[in-house]
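This report refers to the structure that appears directly beneath it.
Each value in this text was obtained by applying a stated rule to the coordinates, not by laboratory testing. Predicted, not measured: the structure shown is a model, and the values here were computed from it. For neighbour counting, all protein chains shown are included, and Cβ atoms are generated from backbone atoms with ideal geometry for every residue, glycine included.
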Amino acid sequence: MQMALSEEHISELILAKNYGDAFDGIVKLYGERMYWQIRRYVLSHEDADDVLQECWMKIWKNLPKFKSQSGVFTWIYRIVVNTSLTYLRKQSLLSRFAKGDEALKAAYSIESDVYFNGDALQSALYKAISKLPPKQRMVFELRYFEELDYKTISALLNTSEGALKASYHFASEKVKEALKKC
């Protein structure tokens, strides 16, 4: 009889050095969430696929190093966040998000993307989010879209919960103001 797919089961597989089954479980349990988290950072489908593939390689390579000091989910999302940030740095996109004109290019990228099928309000939300500074954007997306608690986000971003709460507050206020103009 096969065990139900859960974080605990995946952790047990890793600790038992059954890396193939553990990796398959990670793909099934977290693959889609990983893609959409990456996609919110890098915006385009093709870039998100590239970053996701890099994440899969890092996860596979580092499975033997997983010691279950943190949960599988936390460990994976650290890889997703760090790989996404590395990609953004390599593409010089971090500076792009700091400039208002460049944020409009990011918003245009959302509208012209054939994989994005949101309505006008959803598009306005993504435009507002794309204009946030990188750190605020990341905190906002993890809290709003992923519905993670501050403790988990703190572990992912290696930042205090107080700083995260402030970042989220400022980000949500900026998003609210942008949406009021719609």
Among chymotrypsin sites (Phe, Trp or Tyr not before Pro) in the range 113-182, those in a DSSP loop whose Cβ has at most 11 other Cβ atoms within 10 Å are Y115
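What does the net charge come to around A171 if you take all other residues with beta carbon closer than 12 Å to its beta carbon, with K and R at +1 and D and E at -1?
Details: positive: K131, K135, R137, R143, K165, K174, K176; negative: E141, E173, E177.
That sum, taken over residues with Cβ under 12 Å, equals +4.
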For the range 126-138, take each phi angle, set θ = phi - 60°, evaluate the Karplus expression 6.51 cos²θ - 1.76 cosθ + 1.60, and give the result in whole Hz per residue in order, putting x for glycine and proline. 5, 5, 4, 5, 5, 8, 6, x, x, 5, 4, 4, 5
